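Novice: To start, I am sharing the structure in question, which I have written as structure tokens.
The values are calculated or read from the model by the stated rules, or taken from the named source; none is laboratory data. Please read all numbers here as calculations on a predicted model, not as lab measurements. Cβ atoms come from the backbone with ideal geometry, glycine included; neighbour counts cover every protein chain shown. Protein only, heavy atoms only, side chains kept; ligands, DNA and RNA dropped before computing areas. Shrake-Rupley method; radii C 1.70, N 1.55, O 1.52, S 1.80 Å.
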Amino acid sequence: MYLLHKELCNLIEDRDDLTYSKVAKYIGASKQCMSKFKSEGAIGFRNLLRLSFLLFPDDQKKIMAQWCLRLNTTESIKQSFEYAAITRNIELLEKLLSKHKSEKGVLAEYISIYSLIYKYMTNVISGFDLITNLKQIGQIKDEALNILIEIIKCYNYYFQKKFHLMLETAREAEKSLQFISKRELFMKECFLHRISEVLGPVYLHLNNLKLARHYAFTIINAEICAKTVSDASYIVGMSYLLEDGRKCVEFLQKSFDISKTIGDQ
């Protein structure tokens, strides 16, 4: 992290339009945090992500992926896994898993869960088999990971069309988010996004169109990943099927157009 920290400081100092005060305001960091960053290289993952948007607005995803592979603290590595997974950056996730495959302790737990997610994302594991594979991993001690496990179970229930069980599990996972520590705020925000992905289709199935749109627009407005925006646009479109034909077609077209750009079958 030291070399990356020095590079970032140089980038900021070489920009005529930037000062550390301006950077702090943009990324939502205090003066004390920026001072610690300058002297020790300490920066939260959430602030680092915002910094990537500030310094490289046209190439943010590529740059952030490179930074993730250079992080070396336990917290930043854990959050790198989630960043790769939630943005559907399969290549980055594969590289992170390979780089840290020999880690012990809590990071070993993260390797096991995100290896499962990677296999699901690459169609090695079917959505029907997620819970079976989770049982094979065994007990996980990390609090945040246990919340993620509950969310993964919801994916399994979706394939099994167990919508009420899916709803109950997602709600319990949402309640558990209050126990995530402040230093894991990025993880908490990502899990909220994942829960929105779960609840949108559930509420559409249960014909609660208002809540289906609420969770779908939560995903659309976040713009974390093209795939999730496409899926959420589909949810909004179908929620208007019997109410507003123009809006229905508008959002279904948006979903289709995004799917074409990412090659989503």
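Novice: Can Y158 be described as open to solvent by 60 Å² or more (accessible area, probe 1.4 Å) and in a helix (DSSP H, G or I)?
Specialist: Yes: the conditions hold for Y158.
Novice: Restricting to the range 12-25, and then to whatever is loosely packed, with under 15 Cβ neighbours inside 10 Å and of a type outside the set (V, I, T), can you tell me which residue is farthest from Q79 (Cα to Cα)?
Specialist: For the range 12-25, the residue satisfying everything is D16.
Residue by residue, here is whether (1) under 26 Å from F81 (Cα atoms); (2) touching a residue at least 12 places away in the same chain (Cβ under 8 Å); (3) touching a Gly at 6+ places or on another chain (Cβ under 6 Å); (4) not charged (D, E, K, R) holds:
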| site | (1), (2), (3), (4) |
| --- | --- |
| L167 | yes, yes, no, yes |
| H205 | no, yes, no, yes |
| K227 | yes, yes, no, no |
| D244 | no, no, no, no |
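Novice: Also, quick follow-up: Can you pull out the residues in the range 220-243 that are over 13 Å from L199 (Cβ atoms), part of a helix (DSSP H, G or I) and open to solvent by 60 Å² or more (accessible area, probe 1.4 Å)?
Specialist: Answer for the range 220-243, where residues must be over 13 Å from L199 (Cβ atoms), part of a helix (DSSP H, G or I) and open to solvent by 60 Å² or more (accessible area, probe 1.4 Å): N221, K227, Y234.
Matching residues to (1) modelled with pLDDT under 95; (2) over 24 Å from S30 (Cβ atoms):
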position: N47; (1), (2): yes, no
position: L51; (1), (2): yes, no
position: Q60; (1), (2): yes, no
position: A85; (1), (2): no, yes
position: R88; (1), (2): yes, yes
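Novice: Going through F217, F186 one at a time, which residue ends up being surrounded by 19 or more Cβ atoms within 10 Å (Cβ to Cβ) and either under 23 Å from L49 (Cα atoms) or small (G, A, S) (or both)?
Specialist: F186
Novice: Also, I was wondering about something else. Which number in (1) open to solvent by less than 80 Å² (accessible area, probe 1.4 Å); (2) touching a Cys at 6+ places or on another chain (Cβ under 9 Å) marks the one condition that K38 misses?
Specialist: With (1) open to solvent by less than 80 Å² (accessible area, probe 1.4 Å); (2) touching a Cys at 6+ places or on another chain (Cβ under 9 Å) applied to K38, the lone miss is (1).
Novice: Considering only residues of the range 41-97 that are touching a His at 6+ places or on another chain (Cβ under 8 Å) and touching a residue at least 40 places away in the same chain (Cβ under 8 Å), which is nearest to L192 (Cα to Cα)?
Specialist: Among those that are touching a His at 6+ places or on another chain (Cβ under 8 Å) and touching a residue at least 40 places away in the same chain (Cβ under 8 Å), it is I86.
Novice: Go through (1) over 18 Å from L93 (Cβ atoms); (2) of a type in the set (G, A, S); (3) in contact (Cβ under 8 Å) with a residue 12 or more places away in the chain for G127 and report which single condition fails.
Specialist: (1)
Novice: Tell me, yes or no, whether the range 244-253 has at least one residue that is basic (K, R), buried (at least 20 other Cβ atoms within 10 Å of the Cβ) and at pLDDT 95 or above.
Specialist: no
Novice: State all residues of the range 92-148 that are open to solvent by 30 Å² or more (accessible area, probe 1.4 Å), part of a loop (DSSP other than H, G, I, E, B) and under 24 Å from Y158 (Cα atoms); if no residue qualifies, say none.
Specialist: T122, N123, V124, S126, G138, Q139
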